[in-house]
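Values in this text are rule-based calculations from the coordinates and carry no lab data. Here the structure is a predicted model, which is why all the values come from computation and not from measurement. Because the Cβ atoms are built from the backbone with ideal geometry, glycine has one as well, and the counts that use them run over all protein chains shown.
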Amino acid sequence: MDDEMKYFSTRGGDERLTFEEAVLTGLAPNGGLYIPDRIPALPSNWAESWKDLSFSELSFRILSLFIPTSSIPSEDLAEIILRSYSTFRHEQTTPLKQVDEDEYVLELFHGPTFAFKDVALQFLGNVFEYCLKRKNANLKEGEARHKLTVVGATSGDTGSAAIYGLRGKQDVSIYILYPYGRVSPIQEQQMATVPDENVHCVAVDGTFDDCQDTVKTLFSDVEFNATHRLGAINSINWARILAQIVYYFHAYLHLPAHVRENPVPNVQFVVPTGNFGDILAGFYAKRLGLPMKELVVATNENDILQRFWKTGRYEKQDSSAPSTTESAETEVVQGSSDGSQAQSTGGVKETMSPAMDILVSSNFERLLFYLAYDTQAVPRSNVADSASVEQPKAEVAGAGNAASQEDRVRRAQAAVKGWMDELKREGSVDLGSVLQRAKEDFKAERVSDKQTAEQIKRYYSRESRFGPYVVDPHTAVGLEATQRVAKTAAPGTTFVTLSTAHPAKFDAAVKGALPTSEFPEFDFDGKVLPDVLRDLAGLEKRVTRVKGEQGVRELIEKVAKETKDGEAKPTEEEGKGSM
């Protein structure tokens, strides 16, 4: 029996990929997402033996559980990790900041683009480069080089983090799609001012979901994918989820000893959530064995996830909301993502926390697989009753269990495929059969813009021995959820709210919540805005604006042709030795 970990699609099929194949492929041909064929077991003494490790050392221990040495030898993996996190500004990489008694903020914004996504995308960029270099080192004479065309959608932070992770990488072209006018000025400047020729910023007329749908369509197009060798950097790429598991362990191991040594799990992670990747990493950490209470999903007013945990229905539009309400279509949002008074369109409500302005959460599909696996639930169209079953063990199933294990996997895949097909067809799907199981690991809270602004104000203005603390609007969503959950939490619960971005990236929201008329001493430019972000304003931007999927296709094909023509024969300037 081959014990090397493999990866399969959430939607079925016999395909079993290596780590390298899963990372380079990104999205499965059938539209599913790749997940590991098992959850590995932690070392029995992990809590003691890992407590003094650096972030990079801890990353190596955890990532090695999922990455066989046949994909990346241990020495190479350690070097990739060190290189990835040498770009961070804080010695602890993702430090814990105590903001109140029994309350901490996990600061994930100390990477090169001041966003949590740097943790995963610095790693992913180096993995892409490593895999391509290894493939191209073994080419036979006359064989074409292996290349990768990375295509991703962003509502802000993914784009800049991906670009900084892949800029200048050999044999990699990167196209970042973002909704025109719906990212903050600083976010656009971070993306569009990178001069590297392999970087392409694409402003799409539409919403983030339009951008994300375009990415999924391109990946599902077998011919286009094969021609351009597409690679994914969005959180659909397994390597991103894997890298993010680490900071849950890192945070836990840096909590006070009395918290970690409590025999009853008393740590509660609260996660601002949009596309479900960040909190899914927490779910994997929990499934690995990290002691914690339910993970708290903190959403803004785009609340598809909160509505699922409330009703069991996963639906793009809230079917319980009045259909004739004008305000649902035209509500003005103060301090929105572009610094103006934006209006919601296309079902997505623009808010102060734009990275969470989504209709559907791509990574939720990965959770659905585990919910279906644990309960053996099936889609409504497959008439069968769901039954509660014992959660599977972390260890590999023994030989005697292999057949039944595989049957459960196939049934779970069939359930996920049925649900996702129904969601695409109907715009909603009833997941009531797995709701109770989902509530065992998660809680969910919906936070309005008004409440978000109140939390920014609260943490800055409060009189506390921990002092004033300036947070971005996404973190504020998490802090509001923390305050609510804390009201009914067991005594002694310690809360860790994930801080996903530096407040300087959302100046309109922060300044709007802390106006000079009320806080004359607040100096955003002098005390909050880092020099590296301030300096972006004077740099030239490179952006291509397109309309829809066809425009993106044409751009990729045009650049690919120009690149191929340029490689086919030296230009006159090259013949003269010009740069």
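Along the Cα-to-Cβ line of Ala489, 7 Å from the Cα, sits a label point; which residues in region 297-322 have backbone N less than 14 Å from it?
Correct set: 297-298.
Taking one equal scatterer on every alpha-carbon of region 436-525, how large is log10 of I(q)/I(0) by Debye at q = 0.21, 0.23 1/Å?
One equal scatterer on each Cα of region 436-525 leads to -1.07, -1.22.
With bins 5 Å wide starting at 0, give me the P(r) of region 113-226 over every alpha carbon pair, in whole percents.
Pair shares across the bins are 2, 12, 20, 21, 21, 13, 6, 3, 1, 0.
What relative contact order, as a whole-number percentage, does the chain give when Cα pairs under 8 Å and 6 or more residues apart are counted?
Values: 1037 pairs, mean separation 105.7, N = 579.
Once normalised by length, the contact order is 18 percent.
If the viscosity is 0.692 mPa s and the temperature 37 °C, what translational diffusion coefficient in µm²/s does Stokes-Einstein give for the chain when Rh comes from Kirkwood over Cα pairs? Show your work: numbers first, answer last.
Working: Rh = 24.5 Å.
Using the Kirkwood radius from Cα pairs, D works out to 134 µm²/s.
Roughly what % antiparallel, to the nearest 5, for the DSSP beta bridges in the chain?
Working: 16 of 51 bridges.
Within the chain, antiparallel bridges account for around 30 percent of the total.
Rounded to the nearest whole Å³, what is the per residue volume of the convex hull around the Cα atoms of region 399-470? Mind dumping the intermediate values first?
Values: hull volume 14.6 nm³, N = 72.
Here the figure is 203 Å³ per residue.
Considering the dipole of the chain built from charges on the beta carbon (Lys and Arg +1, Asp and Glu -1) around the Cα centre, which of Thr18, Val552, Ala115 is farthest to its positive end?
Thr18
Can you give the net charge of the other residues whose Cβ lies under 12 Å from the Cβ of Arg366, counting K and R as +1 and D and E as -1? Before the final figure, lay out the partial values.
On the way: positive: Arg11, Arg240, Arg287; negative: Glu365.
My count for the surroundings of Arg366 gives +2.
Once both labels are modelled 7 Å past Cα along the beta-carbon direction, what's the Thr516-Asp430 spacing in nm?
5.8 nm
What order, most packed first, do the peptides 304-310, 552-558 have when packing is the mean number of other Cβ atoms within 10 Å of each residue? Don't skip to the end; give the middle numbers.
Numbers: 304-310: 20.0, 552-558: 16.0.
Listed from highest to lowest mean packing, they are 304-310, 552-558.
Highest mean first, what order results for 127-135, 215-223 on Cβ atoms within 10 Å? Show your work: numbers first, answer last.
Details: 127-135: 19.1, 215-223: 16.0.
For the peptides 127-135, 215-223, the packing ranking is 127-135, 215-223.
Would you mind working out the magnitude of the charge dipole of region 49-206 relative to its Cα centre, with +1 at each Lys and Arg C-beta and -1 at each Asp and Glu C-beta, to the nearest 20 Debye? Spell out each step's value before the answer.
Working: 15 positive and 21 negative charges, 135 e Å.
Rounded to the nearest 20 debye, it is 640 debye.
Among 120-126, 106-112, 45-51, what's the highest-first ranking by average C-beta atoms within 10 angstrom per residue? All intermediate terms of the calculation are to be shown ahead of the outcome.
Working: 120-126: 26.6, 106-112: 23.0, 45-51: 13.4.
In descending order of packing, they fall as 120-126, 106-112, 45-51.
With +1 assigned to the C-beta of every Lys and Arg and -1 to the C-beta of every Asp and Glu, and no other charges, what is the dipole magnitude of region 426-579 about the Cα centre in debye, to the nearest 20? Working shown, then result.
On the way: 25 positive and 27 negative charges, 106 e Å.
The dipole of region 426-579 has a size of about 500 debye.
Show me the trypsin sites (Lys or Arg not before Pro) within region 58-100 that DSSP assigns to loop and that have at most 14 other Cβ atoms within 10 Å of their Cβ. Walk me through the numbers on the way to the answer.
Values: sites: Arg61, Arg83, Arg89, Lys97; in loops: Arg89.
Qualifying residues, ordered by number: Arg89.
Estimate the FRET efficiency between Lys439 and Leu555 by the formula 1/(1 + (r/R0)^6), using the beta-carbon distance for r and 35 Å for R0, to the nearest 0.05. Before the final figure, lay out each step's value.
On the way: r = 44 Å, r/R0 = 1.26.
Once rounded, the FRET efficiency stands at 0.20.
List, in order, the whole-Hz ³J(HN,Hα) value for each residue of region 106-115 obtained from phi through the Karplus relation with A = 6.51, B = -1.76, C = 1.60 and θ = phi - 60°; use x for Gly and Pro.
Each residue's phi maps through the Karplus curve to give 8, 7, 10, 10, 9, x, x, 10, 6, 9 Hz.
Select from Pro473, Asn302, Tyr252 the residue farthest towards the positive end of the dipole of the chain; place +1 on Cβ of Lys and Arg, -1 on Cβ of Asp and Glu, and compute about the Cα centre.
Most positive-ward Cα: Tyr252.
Can you give the three extents of the C-alpha atoms in region 270-309 along their principal axes, from longest to shortest, in whole Å?
Per principal axis, max minus min of the Cα coordinates gives 32, 16, 15 Å.
In whole Å, largest first, what are the principal axis extents of the Cα atoms in region 51-119?
The Cα atoms of region 51-119 stretch 45, 26, 18 Å along the principal axes, largest first.
Going down the list Lys51/Lys527; Lys424/Lys450; Lys293/Lys487, which pairs span over 24 Å between their C-alpha atoms? Before the final figure, lay out each step's value.
Values: Lys51/Lys527 34 Å; Lys424/Lys450 32 Å; Lys293/Lys487 15 Å.
From Lys51/Lys527; Lys424/Lys450; Lys293/Lys487, over 24 Å: Lys51/Lys527; Lys424/Lys450.
Suppose every Lys and Arg Cβ carries +1 and every Asp and Glu Cβ carries -1, with no other charges. What dipole size does the chain come out with about its Cα centre, to the nearest 20 debye? Let's see the in-between values first.
Numbers: 65 positive and 84 negative charges, 127 e Å.
It works out to roughly 600 debye.
Work out the charge dipole of the chain with +1 on the Cβ of Lys and Arg and -1 on the Cβ of Asp and Glu about the Cα centre, then indicate which of Leu368, Ser54, Val348 is farthest towards its positive end.
Leu368
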